[in-house]
Each structure stands twice: as C-alpha cells, then as structure tokens.
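Enquirer: The structure is given below, and queries will be raised subsequently.
Quick note: the coordinates plus some simple rules give every number you see, no bench work behind them. All values derive from a computational prediction rather than experimental measurement. So basically every Cβ, Gly included, is an ideal-geometry build from the backbone, and we count neighbours across all protein chains shown.
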Amino acid sequence: MERRMGKGVAGSGLHRRALLTAALAAPALTALPFGRARAEGAPVKIGVLCDMSGIYSDDTGPGLVAAVQIAVREMGGAVLGRPVVVVSADDENKPDTGTAIARRWFDEEGVGAIVCASASSITLAVAELARQRNRMLLVAGSLSADLTGKQCAPSTIQFGLDTFAGPKSVVAPTIKSGAKSWFIINVDYAFGQSLRTEATQMIDQAGGKLLGKATFPLGSPDYSSVLLQAQASRAQAVALACGGTDWSNLVKQAHEFGITASGQQLVTLTGGINEIMAVGGDVCKGMMASAPFYWDLNDGSRRFAAKFRDARNGHYPNWQQADGYSAAIHYLKCVAASGTDDGAKIAEAMRATPVKDSLIDGAPIRADGQVMRPTYLMRVKPETAPGRADIFELVSVLSAEESWRPADESACPLLRRT
C-alpha cells in the first residue's frame, strides 16, 4: 500500500527516498544545509519523559536517559552543526504533570522530540500535543495500541511493544502447551485495560476460555483479593497485565499464595528482565515473555549492553531502554537527512528511512507509525539463579508481520490512505 507523502524533498517518492538514504550514510556534520530560521548554533533538544522515581523507574527512568545519551554520543554529540542536548523529567505517573512538562518543553524550551516511556494515559495526551506543535513523539515504552490505532498521527512513532504485540507471542503457545482456561489480573488504567482486551480476544481465537478477570489500582500494596479470585477460578493460566514494581510485587505475592505450587501457571503479558530480576529467576523459571530486545541476543545487543553498563554502574538494559536508544539515533539521523527541524519534514524522513542501528536491522516504519521489527518469545531459564542477568533463552522469533496488528485490522486512518 502506498502512503501519501507531504511536500518535502523535491521529486518522486523514489528520488526522495534515495536522497534520504544518501544523506543518512554521510556524517551528520556534512548533512543538507539547515534552513529553519533559528539562532545559529542553537541546540537540537531531545526530551526524555518517563517515571524517574515510581513503579516504572527501573523499566525506564535514568536508564532510558542513559540510552538516549549513548545515541547522542554515537552521533558525535552534534547534528547540522548544532550541539544535541538531552533534557529529562519525572512525570510522576500523573497525566497532568506529564502533559505540563511536554507543553513547556515544546512551547518554551525548544524541544523537538520527546522520547516517551510514560504510562499510556500520559503518552496519549503528549501525542496530541506533539501533533498540534509539529514536533515528534518517539514511543519507547508506552504500550497502548491506540498510539498506532485510532489516535495515530504522523508525529508519533512506536519503537517497542504495544498491548497487541505483548500477548501475541505468548498466548497461543501457552494454550497449545495445554493451558486452556485463563484468568486475567490487570492494573486498572488504559494500559492494563487495553492489554486485557487484546489478550481476551487472543485467548478466544486460540481456542482457550477466559474464566474471569480482576483489577487492582496502580501502585497497590496488596494483591490478596485478586489472587484469591484467581485461585478460586481454578484457571490453568493466570495472566498478568501490568508492569514495573506492580508486576514484581504481584508475582512475589502469587508465589507466597502458592499459585504455581497448586498447578496454576503464571503468564506475563509484558513483564521483562527488570521485573524478573527483582523477583528472582528461581521464582519465575519457565515463564515465557515477549520482547523486541534482549541484551544477550546477538553481537549488536551485547555491544550496546556493554556501553549501557558502563554508563549505569553495571546495570543491564531492558527493551524499553534499548528502544529509547534506537528512537533517538533514528531521529537524529533523519534531522540530518532532512536538513531542518521542521517536525513534519522530519516525520516524513523517519518514515521514508528504515530503522538501522546496532539493535534493529533495517526495519521499515509503517504509515501508522509502527516500526516493523521482529519480536522474540523468550523463556526464563530453569537454572537461573537470583540476581543473574542471563535469564532468558530464545524460544522463537516472530516476524514483523506476525508481531504487529495487521494493517487491515487497524483503526488508524493513516493506513487507509492510498
């Protein structure tokens, strides 16, 4: 399907793509002339907006900032002859706070792009601001499928998992292994609700049966009520639709309640390396999870992990932080290629150019803003010890077409254009 392109680089679509590819191959400082009327030498600013101190801070937080800074260093710290500056802020998991920060960055501080890994309720609001202000929103950890669905925009690009891709690689294999009956426990806001809805449909499509569901508030200290409901259902699989310390604390309490000891299987729809290490691989052994990145997957991921660990006192990167790296480096390459800080032209350049770095090998960006990259079904190793980072073994690779929602099922109007 062809996509409508705005009036950016002159000439045909093929000529425009060739120009962008050539520009991306050249060093940033020899890119096309900068033509926007801004003070000469004014910095190119990238904002990192996420939870820096709350339940998602280990997933995103200072680690996400460090990953973006690695991308900036790889670009030589400058683009179009201007220094690149990274600013960051704590959204405190509050939509009003996150939106106010984004508005100030766009309106007063000259931030051209926000790398966002906030709660979905915040990111959806920031997406609208970015659209209105002609700036870019680069999604590195917010999972609402609406970001590439009914609220898609040319200014939004999704680099990581969403609430469709998260359960896509996990649900069907779990049912195939024999766990036919399910109970879902979800955090009660946009992210958890969307994840529950998507998983419910996939359970039905794969021949399973949902026996019940229960919700809990973000940051809950006590999960006994939802766990008792899950136990009473006698479902073979108990699916967890949450993340961060909510996920870790829920799994710890499930272990204390004897969920797995009684024969029920815990299934994570989004949890990753940070959460599993916090609980302990011995508790999570055998659990399957979907991820677009794992630090020990290949030579490229290991090189990135080494840089990240140097910057983060030995901590290992997760997929959200890796997505922030890819988002920032692709943005800066396309600022150089387009020769401007105009958001619409940068968005056009980003979509016309496959994402290629040490972690993503030439993934195109679909019209809805989804980076069409493969995802990986991982399983926690049975011999994993507490505190170890080499916790996953690769089960299977899902192609981009298998991982993301099919275009003809999407609510994104940009996919309807021809």
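Enquirer: Work out the FRET efficiency for E402 and K356 from their Cβ-Cβ distance, taking R0 = 25 Å, and round it to the nearest 0.05.
Expert: The calculated FRET efficiency here is 0.75.
Enquirer: Here's another thing I want to ask about it. Going by average Cβ neighbours within 10 Å, how do the peptides 212-222, 102-112 rank, with the highest at the top? Let's see the in-between values first.
Expert: On the way: 212-222: 15.3, 102-112: 18.2.
Top to bottom by mean Cβ count within 10 Å: 102-112, 212-222.
Enquirer: Okay, moving on. I need L266, L147 ordered by Cβ neighbour count within 10 Å, fewest first.
Expert: In order of increasing Cβ crowding within 10 Å: L266, L147.
Enquirer: Right, next: List the cysteines in the chain whose Cβ has no other cysteine Cβ under 4.7 Å from it.
Expert: C50, C116, C242, C284, C334
Enquirer: Restricted to Cα positions, what overall size does the chain have along the principal axes? Three whole-Å values, descending.
Expert: Result, largest extent first: 66, 47, 41 Å.
Enquirer: Related question: Mind pulling the angle between the C-alpha long axis of helix 95-108 and the longest principal axis of the chain? Nearest 10 degrees, somewhere in 0 to 90.
Expert: 10 degrees
Enquirer: Which of rounded, prolate or oblate describes the range 178-241 when judged by the alpha-carbon gyration tensor and an a/c cut-off of 1.5? The partial results should precede the final answer.
Expert: Numbers: a/c = 3.09, a/b = 1.32, b/c = 2.35.
Because a/c hits 1.5 or more and a/b fails to exceed b/c, the range 178-241 counts as oblate.
Enquirer: Just the C-alpha atoms of the range 31-138: what Rg/Rh do they give, with Rh taken as the Kirkwood radius?
Expert: 0.98
Enquirer: With everything on Cα atoms, drop me the angle between helix 319-338 and the longest principal axis of the chain, reported from 0 to 90° to the nearest 10.
Expert: 20 degrees
Enquirer: Another one. Roughly how tilted is helix 165-176, in degrees to the nearest 10 and between 0 and 90, from the longest Cα axis of the chain?
Expert: 30 degrees
Enquirer: When each pair of different Cα atoms in the range 302-418 is counted once in the 1/r mean, what is the Kirkwood radius in angstroms, to one decimal? Spell out each step's value before the answer.
Expert: Values: mean 1/r = 0.0603 Å⁻¹.
Mean inverse Cα-Cα distance, inverted, gives 16.6 Å.
Enquirer: What whole-number distance in Å separates the alpha-carbon centres of the range 122-150 and the range 183-251?
Expert: 25 Å
Enquirer: Further, regarding this structure: What does the C-alpha gyration tensor say about the overall shape of the range 174-282? Classify as rounded when a/c is under 1.5, otherwise prolate if a/b is larger than b/c, or oblate.
Expert: Taking the square roots of the gyration eigenvalues as a ≥ b ≥ c, the range 174-282 is rounded.
Enquirer: Further question on the same structure: Hey, which lysines would be in cross-link range of K285, C-alpha to C-alpha under 20 Å, not counting anything within fewer than 8 residues on its own chain?
Expert: Candidates past the 8-residue exclusion: K176, K252, K381.
Enquirer: Taking a cut-off of 23 Å between Cα atoms, list the lysines near K356, but don't count ones fewer than 8 places away on the same chain.
Expert: K45, K307, K333, K345
Enquirer: While we're on this one: 7 Å from Cα along Cα→Cβ at both D188 and E409: what's the point-to-point distance in nm?
Expert: Taking the simple label geometry, D188 and E409 are separated by 2.9 nm.
Enquirer: Mean separation of Cα pairs under 8 Å and 6+ residues apart, divided by the residue count of the chain: what relative contact order is that in percent?
Expert: 20 percent
Enquirer: Let me ask something additional. Translational diffusion coefficient, Stokes-Einstein: compute it for the range 82-208 using the Kirkwood radius over C-alpha pairs as Rh, at 37 °C and 0.692 mPa s, and state it as an integer in µm² s⁻¹. Working shown, then result.
Expert: Working: Rh = 15.9 Å.
After rounding, the answer is 207 µm²/s.
Enquirer: Taking 0.36 nm per residue of sequence separation and subtracting the Cα-Cα distance, how much length would be gained by fully extending the chain between V85 and S53, in nm to one decimal?
Expert: On the way: separation 32, 0.36 × 32 = 11.52 nm, distance 2.21 nm.
Length difference between fully extended and current span is 9.3 nm.
Enquirer: Return the Cα extents of the range 239-358 along principal axes one, two and three, sorted largest first, each rounded to a whole Å.
Expert: 60, 30, 21
Enquirer: Subtracting the Cα-Cα distance from 0.36 nm times the residue separation, let me have the gained length for A261 to V395 in nm, one decimal. Each step should come with its number before you reach the end.
Expert: Numbers: separation 134, 0.36 × 134 = 48.24 nm, distance 2.40 nm.
Taking 0.36 nm per residue and subtracting the Cα distance, the gain is 45.8 nm.
Enquirer: So for the pair N298, S177, with labels modelled 7 Å out along Cα→Cβ, what separation do we get in nm?
Expert: Each label point is offset 7 Å from its Cα along the Cβ direction, giving 2.5 nm.
Enquirer: May I ask for the distance between the Cα centers of the range 325-395 and the range 42-103, given as a whole number of Å?
Expert: 16 Å
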